[in-house]
Each structure stands twice: as structure tokens, then as C-alpha cells.
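Enquirer: I'd like to ask you about the structure that follows.
The values are calculated or read from the model by the stated rules, or taken from the named source; none is laboratory data. Here the structure is a predicted model, which means the values were calculated and not measured. All Cβ positions, glycine included, derive from the backbone under ideal geometry; neighbour counts span all protein chains shown.
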Number of protein chains: 4
Amino acid sequence: MCMTFKLPTAVDGTVVAARSMEFPMGMPTQLAVLPADFAGTAAPAGGVSWTARYGVVGMGIFGRADWLVDGLNTEGVSAHALYMPGGYCTYRDPVGDGTDLAQVDLAAFVLGTCASLDEVRAAVARVNVVGTDPGMGFVPPVHCLVHDRTGSIAIEFHPDGTRVVDNPVGVATNAPFLDWHLTNLCNFLGVSAESPPAEVVGGLTLSALGQGEGLRGIPADYTPPARFVRLFTMLRLVSQAQDAHEAEQLALHLCNAFDIPPGAIEESMGGHLVPEVTVWDSVLNLSTPRYAYRMIGNPETYVVDLSSVDFTGPARLQELRSTGGFTSLTV
Amino acid sequence: MCMTFKLPTAVDGTVVAARSMEFPMGMPTQLAVLPADFAGTAAPAGGVSWTARYGVVGMGIFGRADWLVDGLNTEGVSAHALYMPGGYCTYRDPVGDGTDLAQVDLAAFVLGTCASLDEVRAAVARVNVVGTDPGMGFVPPVHCLVHDRTGSIAIEFHPDGTRVVDNPVGVATNAPFLDWHLTNLCNFLGVSAESPPAEVVGGLTLSALGQGEGLRGIPADYTPPARFVRLFTMLRLVSQAQDAHEAEQLALHLCNAFDIPPGAIEESMGGHLVPEVTVWDSVLNLSTPRYAYRMIGNPETYVVDLSSVDFTGPARLQELRSTGGFTSLTV
Amino acid sequence: MCMTFKLPTAVDGTVVAARSMEFPMGMPTQLAVLPADFAGTAAPAGGVSWTARYGVVGMGIFGRADWLVDGLNTEGVSAHALYMPGGYCTYRDPVGDGTDLAQVDLAAFVLGTCASLDEVRAAVARVNVVGTDPGMGFVPPVHCLVHDRTGSIAIEFHPDGTRVVDNPVGVATNAPFLDWHLTNLCNFLGVSAESPPAEVVGGLTLSALGQGEGLRGIPADYTPPARFVRLFTMLRLVSQAQDAHEAEQLALHLCNAFDIPPGAIEESMGGHLVPEVTVWDSVLNLSTPRYAYRMIGNPETYVVDLSSVDFTGPARLQELRSTGGFTSLTV
Amino acid sequence: MCMTFKLPTAVDGTVVAARSMEFPMGMPTQLAVLPADFAGTAAPAGGVSWTARYGVVGMGIFGRADWLVDGLNTEGVSAHALYMPGGYCTYRDPVGDGTDLAQVDLAAFVLGTCASLDEVRAAVARVNVVGTDPGMGFVPPVHCLVHDRTGSIAIEFHPDGTRVVDNPVGVATNAPFLDWHLTNLCNFLGVSAESPPAEVVGGLTLSALGQGEGLRGIPADYTPPARFVRLFTMLRLVSQAQDAHEAEQLALHLCNAFDIPPGAIEESMGGHLVPEVTVWDSVLNLSTPRYAYRMIGNPETYVVDLSSVDFTGPARLQELRSTGGFTSLTV
């Protein structure tokens, strides 16, 4: 139901992250630009007000450029709101003292005001994160993953308070909280890009039937724990990219590997089953900030170079390139 | 190390197949066009000569438009040479009576001369398939999968002779032969797009941690049996496409799900490890014949509409669009 | 639904095999003794008649000492009729020329007349194996596994005839035929008695949560392929026994590991579900012929030393020690 | 590396628990009897002193009847010290105020003084659990599982203090702490004693190859998480026992299923690999208190009926029946 990861640093130093939005179709989403001096106002009445310092490009929902579920700022910090179902996510009650901030505000707030993970940690410590319904009919439970070129953190809403925890593996999916997933990785050590060697038993030679047996036991189902394990495993094994171009393409190949074909999984919503799909993927170059996305209905991937964006003026929204096809070729 | 599949027929009747080439980089490959009246000559001296009736578009190797590892003809028949390592593939000895045909000739031969699976069965029965080295340094073992709008077959080279077998599931990967894989599917029944319901044990409610647990037990490794099972499982579950556009896009999403990130698997070649990657994917519309491909180094997918191709003149080759990047967007 | 295996030879040269009868409760079974000069008559009218040369101890069904589903002869040859459902087993039609032998006769025939696997191969080549119903209400499909101190074979009833195949791994379960299982083992190479070493990722040390992770990916379900894989894997790893006593005890520990707790699996019989259980286990010392068994309802294991058995007189049956409990202890 | 479980209550109301000691061979262990008025003295200097109220039978280590790793009292309360490696277990520092109690004292303390889980909770709240080395060369990390006829709890030593947590599933193995395992069970819902129904694909009928496919995806490796999942799964499925005899035998069959054949797993101790084995199993009838055990080197199971034990006089030890064989039978 969503994932994010950060690739190992490329040979040329480039750091690329990515994210998928795995959800039923239908949440209104647009490409959003928040200006560098964006004046933010949190959704809760009497909540946080802030003035941004950094321009942001990302995915705004329900017609709001500042309700970001995904985004990247000009300093190479990215934020990703991922679903956290199952009763784990527990928002605070509003306190009305100017510190209230809704979960839907969080990404715009930290990306607008923070240039590093340390600044994110400090910013989150100053606010009281409450839950609001952006228009879905319920208050969506989330956790917020943040990457920069140096590391990754998870902002989690525990029953006993908001926690900002280190994410040493740079991977996240959904429920439960990160510490459970990190422990679970201990069950999947010792994988290899190579198949195990042949064995001779009773004169019979048993050889791997092909490449890839070194990943035996890695699960292919789509539960959050299975996707976390599979993603972590692949990140351990993938070849280091040489440069920004290769790193961005590698990130897209990893997104491919987690693409959910429509129908493969379904969930009950409002009493009937709907397919959960990979609605979009984003690839984020944190070093030379570029924000790329690909929609389920269009095989093309579009990229915004943040250095080319006009981060003045009002916040703005652009329709996503949701439909498209293959490129015609003459032979 | 390669796969092919055929989607369930779309609501509008469109049938789409696809294939991935999973291999180390480096086999010289070009987009090939064989004219409708192509005069074919088999690689073995004194082998089969044939005159084609149908135009073909596909992937030619080692500079030869008629050495196809993948292709589609104007009648909606597709052929796919997939690797078959492990000592399973056993070619015939040449007999020199005009029936010898090399494995590298097979796809051009059947696609040029056959408009249906029955014609393929008959054509294969008339030839003696031997092995040749197209320039790889060894004789590549293969099996050849053929789809048309009505079904799928596998052409396999057993120690006791060539066999053309029905492929009721429309899926293939690599070793061993198809019957083993079909039996193996019996170990993976009962999957579901839905997660299992919650259970209460000792007052504790245990709920799925997210969607997708209905595929528990499906393997994620890259061995041929595991890919066969995973592909078959997805094909059982995917939503039926409405039309040709949706079906082609769905096929590409399935290819995505099997994309091998470089480094995830490696094989020993000539004494050192090289990554095995998804070098290219093809998507083949069998109803309104269109041949699409996507290269590992270019996220764009290119399509040739066979109705627009000039199938007269000599066979010809075109360089593949091997490199590319994201499409720039202004916001 | 049954298994058999042969342990690696002990340091002192002892060879021990074992078998479990996994079935719904209720098939009438008794401990059987066949005299060394037993005059055998096959179940089919006008079938094989034979005079035995070797005494046999085993499990007779339906009140017949010569309808053995399991047995051991004085020469250290053992035979085990295991279920082979799923339509694989195809018996011959009776021919009425004195060569017909029912599947229920097979074990008594080979154990009474053969002192080696070669003799078994020759004996089976001389008969025409048909199917009969010993009283179950249907003709039970089986295959027959034979061990001696030097090797193991499987007697299988294929649609195109009876095949006696080498069993280099000395393991058998149920459907499908042996060659499928042997190929399937190739998917489970590279297991280890040791857990994989710890890995450090992003400063986080990931260590195995305990011993035994080297067997990750081995299935625990009860299908015939899963039990074959798990049994083969354990046999590769177990410590070599020092002597006959240790080998017999090790065989029983392996049987333990495959004991099916009542209720864990059920099958539909006559329209309602019945538990399939491990009705009994047998442990067979092939070197100093001893036949031991343990019933589901009695934790004690009983052993018959074949050197102490009077193999003269008529065939005879003894009730199995089906019920029992723990041994009382005073402290 | 150890497990414990409690069976569903039998039809006649009997509650039976069990435990296995999975460890390298060699820890000196004897059958221990603690009198009903045992005067306990904790291992730490200036620690807890207590006078027991209930007689106890169990497993004492290093020649001490009051250092129990397993035990049952006359009130039907059982306690089981299970290993908790991996740095999870964190004992308190001694405080010297009369509340210090070593982990090796814990079972004797709670079994001698408590007749219910509530009393255990209260007793544990009054003490400060420190770690001591009973003679192993290091301070063994443990957690202590307690069952009575009404429920189960786990006593865990967390970095921030001792926690007594409910164990609604009545299952325990080893690291990590219980809450992680309970969450992990959510990944293994929907198992069934029945195989999934046959499916028809492209005219091909795919049927389960035998019974037991309803447990597909359950792991067979020996890590603590895998054993916890497998044990929980079996407990959900097993048939309810009718009475005490059946329940005790069922518990032993479940122990069988987790018996570790010597060599299947090994661990590094003092620089060389040693097999980890199921050194002994215990079966504990909590309703009519009976304590049964079975050693790795002896297939017989011995039982002590607590109603027959003289619980006066000093604590005492009895050698375990460590060696034995099959019972000879004459036919």
C-alpha cells in the first residue's frame, strides 16, 4: 500500500530516492509547486503558521498544493506520506496553542522549512500532529518518511506520542511501525545474487534450474512486511549506479519490480472490492533536485528539474499526465 | 532468464502477449523486418529453404534479420525463443535431406509461413531442428513458445525428439520442460486477491497487516519455476482489460512486475560474474498486430503497427532505441 | 500421505530405513510374519504363484499376512507401498497368463523372493502388475519403494507401463512420480545447518534471531512435494550415527519431525472431512534385520529382531500394540 | 531453541501444556522435587527468601533442585525458562534490599508460592530480577513463560524493566519479545487443514498433489519466529482431545513435530559448531497435575503423578532416564 526507498549512493555521489503510491484509484491528485516563500497555514483551527524558505514540487491531493503526499524541496530533502492502517497510527488531540498541525500539512511544513534531517527532527518536535480528513470520508492514518542525501527517518504516530526514528535501511512500506520491520529483516539474511552451487547426492547432480535461486525464501506477496523484505533485499544486491542518469533509471527499474498489476490485490472499501494498484511512482534525485513521476495509465515518465522551476508567486497545481501510450515507430 | 505470457482476452476481444529477454547484456540485437515474400534459407548446409507468406517484425540477433529470438507476423502469430539451460534441450543431428533447420531459424520459419498454431504444428513436424552457434561461442539451448489468438504451444527439444505441446496456461519461463511447470502449479492453488479475514485467538484479534496476503507462499526468487508460478498467479488474478489500449498497458505492467533490477541476480560467464538483467521487454498485440518493445536503458516503449509496415523489399534491420530518459516537464 | 527414507550409513556400517503411514484411521492392519518358504498366490485369478525363500515381517492389511503395505525380509531388503493419488498410478490390465500380480501382492512377492535390488528389478520385470481392491471400496493407487543396504529404487505404474527407477536420494513421499520430485530438489539447494552471518546495514547490525535460519525457504506444509523436500533437506544435514542403536534412534527422531498432529490436515472421504494422521511409523534396520513400529495411540516403540523369529509354519498375524501411555515414575 | 505451548482445553476440561528444551547437549539436568514447604533463598546475596506453599516437580540444573528451567506445581501452574538471545533480555542490577532474585530462581519462586497467574503477576512485581551464571560460563538470557488452566503469561526482561504480558495464544519460542511474534502471526492467517480446491485453466485441471496444501507458506526452518508461527498454526488446527489421556498424547505428538534431528541445526559455541538438539520434551497436565518427560536418547516417556509424590522433607534430585531403546517384541 505504498513504499519508498533510497538507493545506495552512485559512484558520482548522486543520491536518488523513489516512492510508489499503492492505493485504489480515485484520490484526486495533482502536481503541486509550493513557492520558496510559501505562507503555510495548518489545517486545524488555531494551528501552526509558517513561512517557507524552500521551494517544493510534489503531489497535492484534493485540490490543495499544500496537502502533499509526496514531495521534494530545493535542498534535496524529500517527504513521503505512506498509509499506516491497522490501528497503529494514533494522532494527538488538538491543543489549540498554535502548535497543531494536521498530518496532511506535515510534508509541506517540513519540506518548506527544513534543509536537513536534523532540521526535520527539530521541526517535528515543535508541533502537535493531529489527524484530519482531507476529503476521503475518514481520517487517513499515515507515517511520514523523510530522506536527504545523508540518511532517512520515519515520523510515526504512536499511542504514546510522535516518534522520529532513524531508518538505517532507507526502506519503508506500511504497518506495522518501523522497528518491527527492522527486526523482521533478521529472518532474511544470507541472500545472494548467485544461485547456490550444484550438489551431488547418491550420484545424482542437483543443479539450480536457473539464476536467482540465491533469493529463495523471499516472499512475493504484497503485504507490507513482504514488500519491505523484498525491497530491502533488492537494495542490498543491486549494482551501484555510475551517475545520476543511471541512478534515476535504476530507481525506476526497482519501482517496476514492485508495480502491482491491476487485480492482483483487492481491498474492501465501502462494502465492495476494489483493486489496489500502483497509481503512480515518483523518482527523486536528491543531489540535483529533480522530481519525476509515472502514472498507471501512461508508460511515460515525466521529470521536473527543480532548478528550472519558478518558485515565486502563489502555490500552483498542474494536471498529471495520466493517460498515454507507446511511442509510434516507423520501420 | 526470459518469460512469455498471454493475457486473458480483453472485453473487446483483443489478445495481447508479452515477453521479456532476461540475459546478460551484450548480445547484438536489432529490430528486424522480414518481408512477406522472404526467401528463407536455414543455417545448416543443405537445410530447409522456404518462401514466406507473411511479414514479420521482431528481434534479430547477430546482424541477421532472420535469426529472430522474438517476433510477430501479420496474422497475429508470435514466436519467442527462450533459453532452456540445464541439459534439457537436445537438438537433433543434421540429416542433410533438406529438412534441417537451426534453432535460430525456427521463429522466422514458422512466423513467415504459418497463420495459426495448427500450421505451426504441421510446419515443425516437417523439419529436423539442429543447434547452431549464432556467434555466442556456444550453441544456445532454447525452447520456442508460440502464441496466437486462440492458444499457446511450446516447441521443445527432448532427448527423444522434438515435441510440440499445448500450453494451456499461456505462460513460459525456462528449464525444465513445460510439463514439470504445469505440475508445479498444483502446489500453488487457492491464491486470492483478498487478504484472509481476521481471526480472534484468546481474545486477541489478528488482522492482515495490509492487502496482498492472499498471495502468501508465492515465491519471489528468480528461478524459472518461481517466475512461472508468480506469473501464472498474477495472470489468474489480473482484471480483464476493456480494450486493446488497456490490454497493452496491462501487459507492460506485468512486464514491470518481472523487471530484474541490475545486480539482483548474477551468473558466472567465462569465469566471472555478470549481472543478468531484463535487457528488453516486448508487448505483442495479436489481434491488431502491433509489436512494442522497451529497452533496459530507456524508459520509453516503442511500438510498430504491422499494418503500417512495408513488407516488400529485402529483409532489414533497425537499431533499437537503447538509451533515453525521462520526459522533461515544465511546471 | 506416507513417506519413506533411508539414513546415511552409520559409522559402524549399519543402514537404517524408516517409513510413516499417513492416512485416515481405520484401515485394518496387523503385524504379519511370512515364513521363509511361504507359498504365495497372487490376488488375480490365474496370477503369479511363487515359493518364497526369505522370511518377512511387516504390516498386513485386511486380515491378510501376505498383503503387506510395509515389510522387511531376512536379507535386509525392505518394501514400502506408498499412496500415489492424482491419477498418476495406472495399473495394467490382467493378462491371465500366470504373470498377473496385484499391487497388494507386490511387497510379499519381492520380499519373499529377492535378496537385492537387482533381484527386485528382475522379479518386477517378470510380472504384470494389476490393481485390486483389498477391501477399501476402491482400488488404491500406489508406488512401491524398495531399499537395501546398497541403494533404493521406486516401482512406479506409469500409463505406458511399469517402471523401476533408481532413487539416488533414498526418499519418497507421494504424487507425482519420482523424477518430478528429483527435479524439484534443484529448487532447494544451498541449505545449511548454520544461520547466515550477521550483516551491517546503515550502521544497523542484523543478526539471525536464533539458530536454524539456514533452512529458510524449506516448506512446512504437508503436500507430497513439501514433505519430500523437507525430508531430503534433513537427511543432508543430520549427523552421521555412530552405530545401530544411534541410527535406529535417529530414524525415529526423523519420523517424529514428520509426525502429523491429528487435525492439522484433513481430507474429504465419502463426503465428509476426516483427519489424516500418522497412523504408524516403522524403523527398519537393514543390516541386522530388525523391524520396529510405533502406533499413533501409543508412545512406545516395539521392535522385532528378525533373527529371533520362527520363520517356519504358516503365515501369521499379531495385533498391533495400538494403545498405551507414559511410563509411571516414582520420585 | 525451546518452545512451549498450551493445548486447547479437552472435552473433559483437561488442560495440557508442553515444552521442549532445544539446546546443545551437556547442561547438567536432573528431575527435581521441591517440597511444599521449601525454604527458598535467592542466588544473589541479600536477595529474596521465601517459604513455599506448593510442591513442585521439574527440571533442575547444575545439581540444584531449586534452579528450575521447567516445572509444574500441585496447583496446576507451570513455568518454563526459555532462552532469549540476541541482546533482548536485560536483567536489573541487584539492589540488595531483599528483593533481588536471579533468573535461575524465578521458576522455583513462582511455582512454590503461586496458585494462579494473578498470584504470579503479583509475585513478580515484588522482586528485582537479576542475572546470574548457574555454571554455564555466562549469564544465560531467558524469558519465563507461565501457564495455568485459565491462561498464559510471559515474564520478559526489557531494557526498561521487567514486564509481565498476557500471552493469548499460549505459545512461546525465543527472541524477540512476545509482541513481535504476535504481530508476525498476522502474516500467516487463513491457513486450512484442507487443500485448496482444484482449478481449471485453459482446459487443464490443476489439483492439489495431496493433502496439506492449506498450510502453504508456513515456514519449516528453526528460527524462533518460524517455530512460533508453525506451532501456532498447528494449535489452531489440531482436533480437540476428548480427555486427559488423549490430550497428553496429542501434546507429545506436537512435540514430535518439533523434534530437531541432530545435525539439522548447529550453532557456534566457543569457536566450534555443535548441534543444537531437542534435549528433552516435557508434557504437563495442569488439571490433574502430572509431569512427563522424554529424553533425546530414550524413546520412552516417563510421567510423575504429582498426587503420588511425597512433598515433605528436603528438596531432592533424581537422574533422568537418558538412555533407552525400543521394546522387544516376540512374534
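Enquirer: Report every pair of residues separated by at least 6 positions or lying on different chains whose Cβ atoms are under 6 Å apart, first residue within segment D:1-20 and buried (at least 24 other Cβ atoms within 10 Å of the Cβ) and part of a loop (DSSP other than H, G, I, E, B), second modelled with pLDDT under 95 and charged (D, E, K, R).
Expert: If the second residue must be modelled with pLDDT under 95 and charged (D, E, K, R), the pairs left are D:M1/D:E22; D:C2/D:E22.
Enquirer: Take segment D:21-48 and flag every residue that is in a strand (DSSP E or B) and more than 30 Å from C:G212 (Cα to Cα).
Expert: Passing the criteria: D:A32, D:V33, D:L34, D:A39, D:G40, D:T41.
Enquirer: Another question about this same structure. Could you look through segment B:171-193, keep only residues that are of a type in the set (G, A, S) and more than 7 Å from every other protein chain (Cβ to nearest Cβ), and pick out the one that is surrounded by the most Cβ atoms within 10 Å (Cβ to Cβ)? Explain how you work it out, then say what you get.
Expert: Keep residues of segment B:171-193 that are of a type in the set (G, A, S), which gives B:172, B:175, B:190, B:192-193.
The next check asks that each one be more than 7 Å from every other protein chain (Cβ to nearest Cβ); those that pass are B:172, B:192.
Numbers: B:A172: 27, B:S192: 17.
Result: B:A172.
Enquirer: Is it true that A:N167 is in contact (Cβ under 8 Å) with a residue 24 or more places away in the chain and among the polar types (S, T, N, Q)?
Expert: So A:N167 fails the test.
Enquirer: Also, quick follow-up: Is it the case, given these coordinates, that A:C89 is crowded, with 18+ Cβ neighbours inside 10 Å and outside any strand (DSSP E or B)?
Expert: On the way: crowded, with 18+ Cβ neighbours inside 10 Å: yes; outside any strand (DSSP E or B): yes.
Judged against the criteria, A:C89 is a match.
Enquirer: Say whether the condition of being at pLDDT 95 or above, aromatic (F, W, Y), touching a strand residue (DSSP E or B) at 6+ places or on another chain (Cβ under 7 Å) and crowded, with 22+ Cβ neighbours inside 10 Å is met by at least one residue in segment A:275-289.
Expert: yes
Enquirer: While we're looking at this one, here's another question. So which strands (runs of 3 or more DSSP E) stay within segment D:126-227 end to end and still have 1 or more residues that are under 30 Å from C:C89 (Cβ atoms)?
Expert: Correct list: D:199-201, D:204-206.
Enquirer: Shifting gears a bit: Applying the selection to segment B:294-314, what residues are more than 9 Å from every other protein chain (Cβ to nearest Cβ) and among the hydroxyl-bearing types (S, T, Y)?
Expert: Once the filter is applied, which keeps residues that are more than 9 Å from every other protein chain (Cβ to nearest Cβ) and among the hydroxyl-bearing types (S, T, Y), segment B:294-314 yields B:S307, B:T312.
The rows are residues; the columns are (1) more than 20 Å from the chain's Cα centre (by Cα); (2) at pLDDT 95 or above.
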position	(1), (2)
D:W180	no, yes
D:C186	yes, yes
D:S195	yes, yes
D:G202	yes, no
D:R227	no, yes
D:A264	yes, yes
D:S268	yes, no
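Enquirer: When the residues of segment D:194-232 are narrowed to those that are surrounded by fewer than 22 Cβ atoms within 10 Å (Cβ to Cβ) and within 14 Å of C:E266 (Cβ to Cβ), which ends up farthest from the other protein chains (Cβ to nearest Cβ)?
Expert: Checking each candidate, the answer is D:P197.
Enquirer: What do you reckon, is C:T233 within 30 Å of D:T223 (Cβ to Cβ) and either within 16 Å of the chain's Cα centre (by Cα) or not in a helix (DSSP H, G or I) (or both)?
Expert: Against the criterion (within 30 Å of D:T223 (Cβ to Cβ) and either within 16 Å of the chain's Cα centre (by Cα) or not in a helix (DSSP H, G or I) (or both)), C:T233 does not qualify.
Enquirer: Continuing with this model, one more query. Between a first residue in segment D:74-88 that is on the phi > 0 side of the Ramachandran plot and a second residue that is aliphatic (A, V, I, L, M) and in a strand (DSSP E or B), which pairs have beta carbons less than 9 Å apart while being 6 or more apart in sequence or on different chains?
Expert: Pairs that qualify, where the first residue is on the phi > 0 side of the Ramachandran plot and the partner is aliphatic (A, V, I, L, M) and in a strand (DSSP E or B), are D:G76/D:L284.
Enquirer: Another question about this same structure. Taking the options A:L273, A:L284, A:L317, name whichever one is farther than 29 Å from A:Y222 by Cβ, part of a strand (DSSP E or B) and either more than 9 Å from every other protein chain (Cβ to nearest Cβ) or more than 19 Å from the chain's Cα centre (by Cα) (or both).
Expert: Only one candidate qualifies: A:L317.
Enquirer: Could you check C:Y54 against (1) hydroxyl-bearing (S, T, Y); (2) touching a helix residue (DSSP H, G or I) at 6+ places or on another chain (Cβ under 7 Å); (3) over 25 Å from D:V331 (Cα atoms) and say which number it fails?
Expert: All conditions are met except number (3).
Enquirer: Inside segment B:127-150, can you point out the residues that are in contact with a Leu (Cβ under 9 Å, 6 or more places away or on another chain) and free of Cβ contacts under 8 Å to residues at least 60 places away in the same chain?
Expert: Listed by number, the residues that qualify are B:N128, B:V129, B:T150.
Enquirer: Further, regarding this structure: Of all residues in segment C:241-254, count the ones that are out of contact with any helix residue (DSSP H, G or I) (no Cβ under 7 Å at 6 or more places or on another chain) and at the interface with chain D (Cβ under 8 Å from one of its Cβ atoms).
Expert: Let us first name the residues in segment C:241-254 that are out of contact with any helix residue (DSSP H, G or I) (no Cβ under 7 Å at 6 or more places or on another chain), namely C:242-253.
From the residues that got through so far, the ones that are at the interface with chain D (Cβ under 8 Å from one of its Cβ atoms) too are C:245, C:248-250, C:252-253.
Qualifying residue count for the region: 6.
Enquirer: Would you pick out the residues in segment B:158-170 that are within 7 Å of chain D (Cβ to nearest Cβ) and among the β-branched types (V, I, T)?
Expert: Across segment B:158-170, the qualifying residue is only B:V169.
Enquirer: Test each condition in (1) closer than 24 Å to A:Q242 by Cα; (2) acidic (D, E); (3) without any contact (Cβ under 8 Å) to a residue 40 or more places away in the chain for B:D305 and report the one that comes out false.
Expert: (1)
Enquirer: List, please: which pairs have Cβ atoms under 8 Å, are six or more places apart or on different chains, and start with a residue in segment D:257-276 that is within 12 Å of D:M25 (Cβ to Cβ) and end with one that is crowded, with 19+ Cβ neighbours inside 10 Å and at pLDDT below 85?
Expert: D:E276/D:M1
Enquirer: What are the residues in segment C:120-152 that are surrounded by fewer than 21 Cβ atoms within 10 Å (Cβ to Cβ) and either touching a helix residue (DSSP H, G or I) at 6+ places or on another chain (Cβ under 7 Å) or of a type in the set (S, T, Y) (or both), if any?
Expert: C:A123, C:T132, C:T150, C:G151
Enquirer: Out of all the residues in segment C:49-81, which are more than 19 Å from the chain's Cα centre (by Cα) and not in a loop (DSSP other than H, G, I, E, B)?
Expert: If the condition is that a residue be more than 19 Å from the chain's Cα centre (by Cα) and not in a loop (DSSP other than H, G, I, E, B), then C:S49, C:W50, C:T51 are the ones that fit.
Enquirer: Hey, another quick one. Every residue in segment C:255-268 that is surrounded by fewer than 21 Cβ atoms within 10 Å (Cβ to Cβ), in a strand (DSSP E or B) and within 7 Å of chain D (Cβ to nearest Cβ), please.
Expert: Hit for segment C:255-268 is C:E267, nothing else.
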